[in-house]
Amino acid sequence: MKIVADENIIYAKEAFSQFGDVRLLPGRKITNAELKDADVLIVRSVTTVGENLLSGTNVKFVGTATIGEDHIDKEYLGRNGIGYSNAKGSNALAVAEYVLSAIAGFLNESGSSLRGKSIGIIGVGTIGSKVAKFAEALGLEIIRNDPPLKRLTGRTEYLSLEEALSADIVTFHVPLNMGGRDNSFHLLDEENLEKLKPNSLLINSSRGAVVNNKVLSEFLNAGNNIFTVLDVWENEPEINLELLNAVNFATPHVAGYTYEGKVNGTVMIYNAVCNYFGLEKKWKPPVNKLTDNEIVVDKSLSLEESLNSVFQKVYSIKEDSKRTKAKILSDKENHALAFEKLRKEYPLRRELRNYILEGSPPEEMKKIFLLSKTLSF
C-alpha cells in the first residue's frame, strides 16, 4: 500500500511502513494531487478531509490522530465507502493535566486559594470527565454543563450554561458543532461573557471558535478582570494578535501534546488500519522511560503552593506562554508561520504518571498523582 501521513505524527514512518511506502508531508500541504495513488491517509486537525481533498483518489481509509473530528467530512467518507477512525481519548489526560497546570499558574499569579472555589466544566465527555475527577480531588465544587449527556442520562447533575459560567473557574471541553441543537460555535460570546465572575479563571483548550475571539479581545481590553488561558484560537494559524496580548497565558494549540498522548494517537490509528485491512499488528512504540522524575514537596507548602511546585517541574504553562508570546509577537508580519513553527518544534512534555511524589505533600496532591495513573489511557 501507499500511505500519506502528516509529518508531525509521532512514529508515523516506523508504524505504517509495515504496510508499504510511507510519504510524510506537512499537514497543510497534503493536497488532492499528492493523494492520487494513495491507499491510506493519516492526518491531524490541520488537514481538512472531504470531497475536495479525496475526489478522484484511491484512498480507502482515513485516520486522524486526534480527538476532534470537525476537520473530517464523515458523511462524505461514508457515502464513498472509505474507512475511517479517529483517536478519541488518546490525549484526554494530557489536556486534563494542562487544565491543572492552568489552575496552578492562576493560583500562583493571583494569590488565590482553592478553598470554597467552584469549577464550571462545559462538556463532560472524555476530557471533561477527567477534569472533573481532578477537580474533585482538589476539593472544588463542580458545576457540570453538557446538554447531550443530560438528554441521554436524564441526570440532574447537568446544569445550565449560565450556571457553569458563574463558577470561579470555567473550562471548555466541547466539540465544535456549527449549528444545530448542540451548536458550540461562539458558545461564549457577547451575550454571555458578562456572566463570568470578576477575577475568575477562563480556560479554552477545546476548539478556537467555541469562544468568539474578537468579542473576548474587546472584553479583556476594556479592562474586565478575567484571568484568561487560551490554547486554541479562531482562524489558526492566523490568530488575533490583540487577543494574544490580552490573555494571561497563551499556548499554540498544544494542550494535548504530551509524549504519551501523541503515542496513543499513533497506536490507535495503527490498530484501526490493521483492523480495517485485516493485517497483523506487529509494531509497538518504543519504551521511553523518564529520568529525573522525583518531585519533593515540603510539608510546609500549602495545597496551592504544592500544586504550583509540581507543575513547575512537570509543565509550566507560564513559561510556555512566555515562549509563545515572544515568538509570535516578535514577528507580527509572519505570526502565522511562527505559530506553526511553535507547534512543529514543540518539546513534548511527559504526563504526571511518569513522576514520583516524595516528601510530605497534602492529601489532595497524593490523590492527583494517583488519578494520573488510574485515569491514564
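Bear in mind these aren't lab numbers, they're just calculated from the coordinates by the rules spelled out. Keep in mind that this is a model prediction, so the values were computed, not measured. All Cβ positions, even for glycine, are placed from backbone atoms using ideal geometry, and neighbour counts span all protein chains on display.
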C-alpha center-to-center spacing [the stretch 71-110, the stretch 303-377] in angstrom:
16
When a/c reaches 1.5 or more, the comparison of a/b and b/c decides; with that in mind, is the stretch 1-74 rounded, prolate or oblate per its Cα gyration tensor?
oblate
Theoretical ellipticity at 222 nm over the chain - DSSP helices of four or more residues, -39500 (n - 2.57) apiece, nearest 500
-11000 deg cm²/dmol
Between the alpha carbon centres of the stretch 258-276 and the stretch 144-171 the gap in Å comes to 31
Using the structure shown, select from K36/K282; K88/K262; K289/K327; K74/K282; K130/K373; K29/K74 the pairs with a Cα to Cα distance greater than 19 angstrom.
K36/K282; K289/K327; K74/K282; K29/K74
Taking a ≥ b ≥ c as the square roots of the eigenvalues of the Cα gyration tensor, with a/c under 1.5 meaning rounded and otherwise prolate when a/b exceeds b/c and oblate if not, the stretch 259-377 is oblate
Assign unit charges at the C-beta atoms only (+1 for Lys and Arg, -1 for Asp and Glu), then state the dipole size of the stretch 124-231 relative to its Cα centre in Debye, rounded to the nearest 20.
400
Checked against the positive end of the charge dipole of the chain (+1 on Cβ of Lys and Arg, -1 on Cβ of Asp and Glu, about the Cα centre), the farthest of N245, S129, L216 is S129
Going fewest to most other Cβ atoms within 10 Å around each Cβ, S217, S110, S90 line up as S110, S217, S90
Scoring only Lys, Arg, Asp and Glu (+1, +1, -1, -1) among other residues with Cβ under 10 Å from the Cβ of E141 yields -1
Quick check for me: using +1 on Lys/Arg Cβ and -1 on Asp/Glu Cβ, what's the dipole size of the chain about its Cα centre, in debye to the nearest 20?
1040
For the chain, with the dipole built from +1 on Lys and Arg beta-carbon atoms and -1 on Asp and Glu ones, taken about the Cα centre, which of H335, T153, L352 lies farthest toward the positive end?
L352
Using unit Cβ charges (K, R positive; D, E negative) and no other charged atoms, how large, in debye to the nearest 20, is the dipole of the stretch 2-86 about its Cα centre?
120
Quick check on the exposure proxy: order S160, S309 from fewest to most C-beta atoms within 10 angstrom.
S160, S309
Normalised by the number of residues in the chain, what is the relative contact order in percent for Cα pairs under 8 Å and 6+ residues apart?
16
Once the piece of chain linking S113 and Y276 is laid out straight, how much longer is it, given 0.36 nm per residue of separation minus the C-alpha distance between them?
53.6 nm
Among G180, Y11, T228, which residue has its Cα furthest toward the positive end of the charge dipole of the chain, with +1 on Lys/Arg Cβ and -1 on Asp/Glu Cβ?
Y11
